[in-house]
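Just so it is clear, none of the values below were taken in a lab; they were calculated from the coordinates. From a predicted model like this one, the values you see are computed outputs, not experimental measurements. No Cβ is skipped: glycine too gets one built from the backbone with ideal geometry, and neighbour counts run over all protein chains shown.
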Amino acid sequence: MSTRNIYLFVDDSRVSRMKIRQIAAQSHPDWELLEAASGLEAHDMTRTVTPDLISMDINMPGINGIEAIEELRKNCPNAKIVLLSGNIQDDMRARAQALGLGFVEKPVTVESIAKVMAHARQ
């Protein structure tokens, strides 16, 4: 059994996933990094893997990030979950807060990924 921390990042943008992977790998080389292009793909992954940290975009095809998180919590009740999104509307921030989620605003930068990764220690 691995003792490495696992970070699952979910975003429908391939470019965003590539940036997240690059930044997270440089700042946390000891973490295992997993990526999913949709909430459904993430849900399927968490049937066999339990991430310690999940970042989720909100606006994605199929189920949105909030709906995906509600499903992921069934498989990963102890994971720290952060919305990483450009959707900065007040209602989304309020929903994130009501669900006990972290919220980090895009774009994907060294600073935004550092904020996401900091949630793993909270």
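Remarks
- For M56, nonlocal amide neighbours, meaning residues 5 or more places apart or on other chains whose placed amide H falls under 5 Å from its own, are V10, V82, L83, L84.
- Between D91 and M18, the FRET efficiency from the beta-carbon distance, with R0 = 22 Å, is close to 0.15.
- Three-way shape label, the chain, alpha-carbon gyration tensor, a/c 1.5: rounded
- Two-site label geometry, A98 and D30: point separation in nm, points 7 Å out along Cα→Cβ: 3.9 nm
- When peptides 78-89, 98-109 are ranked by their average number of other Cβ atoms within 10 Å per residue, the highest-first order is 78-89, 98-109.
- Each Lys and Arg Cβ is given +1 and each Asp and Glu Cβ -1; about its Cα centre, the chain then shows a dipole of about 260 debye.
- Label-point separation in nm, R47 to N59, each point 7 Å along Cα→Cβ: 3.1 nm
- Order by protection proxy (mean Cβ within 10 Å, highest first), peptides 70-77, 16-23: 16-23, 70-77
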